[in-house]
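For reference, the structure discussed in these notes is given below.
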2 protein chains.
Amino acid sequence: MASDHTRSAILAAAERLYADRGFGDVTLRDIVAEANVNLAAVNYHFGSKDELIAELFVSRSIATNRERLRELKAAEEQGGGRAPIEVILRALVGPTLRGCLGPENQRSTAARFMIRASIESVPPIRRIKNREIDHLRKFAGAMRRALPDRSDVDIYWGLNFALAMAHHTIRESERLTKLSEGQCDLDDVEDVVARVVSVATMALRAGKAEARAPARALARDAR
Amino acid sequence: MASDHTRSAILAAAERLYADRGFGDVTLRDIVAEANVNLAAVNYHFGSKDELIAELFVSRSIATNRERLRELKAAEEQGGGRAPIEVILRALVGPTLRGCLGPENQRSTAARFMIRASIESVPPIRRIKNREIDHLRKFAGAMRRALPDRSDVDIYWGLNFALAMAHHTIRESERLTKLSEGQCDLDDVEDVVARVVSVATMALRAGKAEARAPARALARDAR
DNA sequence: GATAGTTTCATACAAGTGTTTGAATTGCAA
DNA sequence: TTGCAATTCAAACACTTGTATGAAACTATC
């Protein structure tokens, strides 16, 4: 076991390369070159390339989930077991947005790696990813307590849309900057968080009937 | 030129395979096997694998954009050059959602291919994708006309969130079904469209100050 | 029906992939 | 120091990838 230097050098190099270039075009030879270790070290320490990726993803997703739950729990304890919906949503999308947006040099490699993982869906990760369901269910539970008059279906849709806005904004941040000719400031992370939380809150709070029926009627007219 | 049978067989097979399994693990040999043509036919008819992918993407994205613009134009003409925001949003997200959700057998291969393309971001497609900006700008223009009191920044954010909800819902439809234990019905496409349009409309209509400031204050308390 | 141009085909090629091997080196305990 | 296990290393392996080749088959024109 000794120093573990090689092992952690591989993990760090792999995470950095995957974060920067995606899983598609990073080879084991790229990784070992970046880590300054021998090619065979990967298979010696991890068994296979897929197991390396899986280990990377598992450890990082545990960390992210812990961070989100920490914020959620703190808020719920303060509110006597019930937190306002805005704070719950902020605990859900805040950590990821903060990690993946903002000035280039402030982005953590870990978060950028996780985004890649959520985008590219490579086999070893897909196999693991189902565990995230349990994690999301905890947030669904908190949201239900915050909005006891909303149906389960509405809760799940709100959760879905909150994650949608956060992840999509991260993934397409470059395009949004270009589209808006720089007017949308993706480096102002707290503004982005506030926007996402605000819209998701409205989505969850709005009554179903009054918000949706008109849209449907209008659309029928336009066909 | 003659029958073009081989050429279109390749296109059809490639589109189907890419839609089903993604770009990552579909080889030229898979494609020619599916199309029942010779391996060399791809390079003969398209020049290279990347050019095949590019041609596929270009033709499909032209078709999708045309469909969206058709709906938009129809609505604007009916409204005398100004369509309600709900209808604009519906024209933006409707075609894609309708193509990619709904009962398995009703999903068009073309749309599923486009989703893959929007997710996996393979080099030949990334090179082309910037053209989509111009297309989205047309929608931004229509939205500005529908909501003249909103700032450009808010318009772009609304556009971004609408696309976010649509694309994410498609990408993660399976997870949402599992998370909600089947309570969220992803096969009811018009309901999904209505939900996305409704939330995006609220996001665009809501005043900035009153909707976001409270969320920020609450979050500060919870830290 | 011969000819020229197009399309198909089996096959080979060069490059790159993850993985394995077995010998060399290292670090540590007896 | 000696011995032994853990680790590193260069090299090779087996396989897959996209692409290229040149002959064969086809098609249409004269």
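Total residues in the range A:8-40 satisfying the condition of being near DNA strand D (Cβ under 8 Å from one of its atoms) and surrounded by 18 or more Cβ atoms within 10 Å (Cβ to Cβ): the figure is 1.
Here A:T64 meets each of (1) free of Cβ contacts under 8 Å to residues at least 40 places away in the same chain; (2) of a type in the set (S, T, Y); (3) more than 14 Å from chain B (Cβ to nearest Cβ) with one exception, condition (1). B:N43 meets the conditions (1) open to solvent by less than 70 Å² (accessible area, probe 1.4 Å); (2) within 15 Å of DNA strand C (Cβ to nearest atom) in every case but one. The failed one is (1).
From the list A:E86, A:E77, the one residue that fits, being more than 30 Å from A:A12 (Cα to Cα), in a helix (DSSP H, G or I) and open to solvent by 40 Å² or more (accessible area, probe 1.4 Å), is A:E77. Comparison of A:L17, A:L69 shows that the only residue that is more than 12 Å from DNA strand C (Cβ to nearest atom) and more than 13 Å from chain B (Cβ to nearest Cβ) is A:L69. Those helices (runs of 4 or more DSSP H) of the range B:119-172 in which at least 2 residues are within 10 Å of chain A (Cβ to nearest Cβ) and either modelled with pLDDT of 95 or more or within 24 Å of B:L101 (Cα to Cα) (or both), considering only elements entirely within it, cover B:132-146, B:152-171. Within the range B:118-135, if we keep just the residues that are aliphatic (A, V, I, L, M) and in contact with a Lys or Arg (Cβ under 8 Å, 6 or more places away or on another chain), the residue that is surrounded by the most Cβ atoms within 10 Å (Cβ to Cβ) turns out to be B:I119.
The values are calculated or read from the model by the stated rules, or taken from the named source; none is laboratory data. This is a predicted model, so every value here is computed, not measured. Here Cβ is always computed from backbone atoms with ideal geometry, including for glycine, and neighbour counts include all displayed protein chains. For the accessible areas, the whole protein counts, side chains as well, though only heavy atoms, and no ligand, DNA or RNA atoms are used. Shrake-Rupley method; radii C 1.70, N 1.55, O 1.52, S 1.80 Å.
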